[in-house]
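Chemist: The structure under discussion is supplied below as structure tokens; questions concerning it will follow.
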Amino acid sequence: MAPGVHTVAVIGTGKIGELMLSGLLRAGWPVDRLLATTRRPARAEEITARYGVAVVDNLTAVTEADVLAVAVKPQDAEALLEEIGPKVPADKLVISLCAGLPTSFFARRLPEGTPVIRVMTNTPALVDEAMTAISAGSHATDEHLALAEEMFRPLGATMRVPESQQDAVTALSGSGPAYFYLLVEAMVDAGILLGLPRQVAHELIVQTAIGSAIMLRDSGEHPVKLREAVTSPAGTTISAIRELENHGVRAALLAALEAARDRAREIAAQHE
Ligand SMILES: NC(=O)c1ccc[n+]([C@@H]2O[C@H](COP(=O)([O-])OP(=O)(O)OC[C@H]3O[C@@H](n4cnc5c(N)ncnc54)[C@H](OP(=O)(O)O)[C@@H]3O)[C@@H](O)[C@H]2O)c1
């Protein structure tokens, strides 16, 4: 399966589905090789007006597309698969973007032999800085995985993981942006406590976050090394770090991510 030569249909073009469509278009995927489906006519008009992509009904998408990217909410997936499941020819590739749904959920509702891939992306897809984890379900080959990578690369970085790790991925990178936003929010408050105007505190900490993230990504250094470079003996940083350790920030993160992973498992179990 070579990129751009297959027709991709986004089934359920909401927030994530629209991000996928716009990413594929920016990456040069031909507009006549893209289809979208929606539940509401007003949304269909919006998508066609914005991207020139043809909006069709779900069954037409199943017939005409080679790749079906399912981007409905997990709770809508059952009804969708009742409608299209038995009609999907087994040579189509189904890519699920539904958080928490195991590929076995799809396999049970699709004809035997249909390849299924599960992806977990995150909201920085909005600025082409997503982290997308891709897992092969039953019958998905290396070629299918390569095609999925090609489709998600325009939205940021991609990584292959075994499906058994997807609940941990959801806890780490799926929910991850929220943890960083919470930290920034708290640091802005701290700046205000120290007497800085809100806007000044915001600008200082956002640029610090961006700079730190780029150094983490590009320097190749371990985070400990990067932190040590800012931590001089008897200096200001170590005073702050002592308080972070006293307040159990590290332990809180371990517990928080474990809780998110457990919740992801619970949601998956509801959709077995
Ligand atoms: N948002 C995120 O940050 C994020 C991140 C990672 C993964 N995800 C996953 O991506 C999926 C979509 O999330 P979202 O935030 O994009 O939700 P969303 O904005 O509600 O998009 C889902 C869209 O699917 C449409 N739809 C539902 N049933 C349909 C059907 N049978 N046929 C055609 N269209 C149908 C909905 O129509 P209506 O407009 O009528 O409701 C809606 O426009 C979810 O499974 C979520 O877990 C989301």
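The values are calculated or read from the model by the stated rules, or taken from the named source; none is laboratory data. Because the structure is a prediction, the values reported are computed rather than measured. Cβ sites come from the backbone with ideal geometry, for glycine too, and all protein chains shown count toward neighbours. Side chains included, ligands, DNA and RNA excluded: accessible areas come from the protein's heavy atoms. Shrake-Rupley method; radii C 1.70, N 1.55, O 1.52, S 1.80 Å.
Chemist: Where does helix 41-51 land angle-wise versus the long Cα axis of the chain, in degrees 0 to 90, nearest 10?
Modeler: It works out to around 70 degrees.
Chemist: To continue, here is another question. Determine the relative contact order of the chain: mean sequence separation of Cα pairs under 8 Å and six or more apart, normalised by residue count, in whole percent.
Modeler: Relative contact order comes out at 15 percent.
Chemist: Could you give the spread of the C-alpha atoms of segment 113-197 along their three principal axes, from largest to smallest, in whole angstroms?
Modeler: Here the Cα extents, ordered largest to smallest, are 62, 25, 14 Å.
Chemist: If each DSSP helix of 4+ residues adds -39,500 (n - 2.57) and the sum is divided by the residues in the chain, what number results at 222 nm, nearest 500 deg cm²/dmol?
Modeler: Theoretical 222 nm ellipticity from helices: -16000 deg cm²/dmol.
Chemist: Here's a follow-up. Considering the options LEU93, THR236, VAL8, tell which one lies farthest towards the positive end of the dipole of the chain, charges being +1 on Lys and Arg and -1 on Asp and Glu at the Cβ, about the Cα centre.
Modeler: Farthest along the dipole direction, towards plus: THR236.
Chemist: If you count the DSSP beta bridges with both ends in the chain, what percent of them are antiparallel, to the nearest 5?
Modeler: 15 percent
Chemist: Once amide H atoms are placed 1.01 Å from N in the peptide plane, what residues at a sequence separation of 5 or more from GLY100, or on another chain, have their amide H within under 5 Å of its amide H?
Modeler: Hits under the 5 Å cutoff: none.
Chemist: Hey, another quick one. Once phi is turned into θ = phi - 60°, what whole-Hz ³J(HN,Hα) does the Karplus curve with 6.51, -1.76 and 1.60 give for every residue of segment 142-155, x standing for Gly and Pro?
Modeler: 4, 4, 4, 5, 5, 5, 4, 4, 4, 6, 9, 4, x, 8
Chemist: What angle do you read, to the nearest 10 degrees and between 0 and 90, between the alpha-carbon axis of helix 249-270 and the longest principal axis of the chain?
Modeler: 20 degrees
Chemist: So, one more: Which values, in whole Å and largest first, are the semi-axes of the equivalent ellipsoid of the chain obtained as the square root of 5 times each eigenvalue of the Cα gyration tensor?
Modeler: Working through the eigenvalues yields semi-axes of 40, 21, 17 Å.
Chemist: Could you pull out every one of the lysines with an alpha carbon less than 23 Å from that of LYS87, ignoring same-chain neighbours closer than 8 positions?
Modeler: LYS73
Chemist: OK, next. If you place +1 on the Cβ of every Lys and Arg, -1 on the Cβ of every Asp and Glu, and leave all else neutral, what size is the dipole of the chain about its Cα centre, to the nearest 20 Debye?
Modeler: 300 debye
Chemist: Moving to a separate point now. Rounded to the nearest whole Å², what accessible area per residue is found for segment 204-272 with the 1.4 Å probe?
Modeler: Per residue, segment 204-272 has an accessible area of 77 Å².
Chemist: Here's another thing I want to ask about it. Expressed as an acute angle from 0 to 90° and rounded to the nearest 10, what is the orientation of the C-alpha long axis of helix 74-84 relative to the principal long axis of the chain?
Modeler: 10 degrees
Chemist: Any idea what the relative contact order of segment 67-146 is, in percent, if you count C-alpha pairs under 8 Å spaced at least 6 apart?
Modeler: 27 percent
Chemist: Sticking with this one: With all protein chains present, how much of the accessible area of segment 85-196 (probe radius 1.4 Å) comes from carbon and sulfur, to the nearest whole percent?
Modeler: Looking at segment 85-196 in its full context, I get 64 percent from C and S.
Chemist: With an 8 Å cut-off on Cα pairs and a minimum separation of 6 or more residues, tell me the relative contact order of segment 166-246 in percent.
Modeler: 14 percent
Chemist: Could you check what % of the DSSP bridge pairs in segment 8-135 are antiparallel, to the nearest 5?
Modeler: Approximately 15 percent, going by the DSSP bridge assignments.
Chemist: Enumerate the amide H contacts of LEU35 below 5 Å, restricted to partners 5 or more residues apart or on another chain; note that Pro and chain-start residues carry no placed amide H.
Modeler: VAL8, ALA9, VAL10
Chemist: Order the peptides 175-187, 120-132 from the highest to the lowest mean number of other Cβ atoms within 10 Å of their residues.
Modeler: Ranking the peptides 175-187, 120-132 by packing returns 120-132, 175-187.
Chemist: ³J(HN,Hα) across segment 209-220 via Karplus (A = 6.51, B = -1.76, C = 1.60, θ = phi - 60°), whole Hz, x for Gly/Pro?
Modeler: Running phi through 6.51 cos²θ - 1.76 cosθ + 1.60 with θ = phi - 60° gives 5, 5, x, 5, 5, 5, 5, 4, 6, 9, 7, x Hz.
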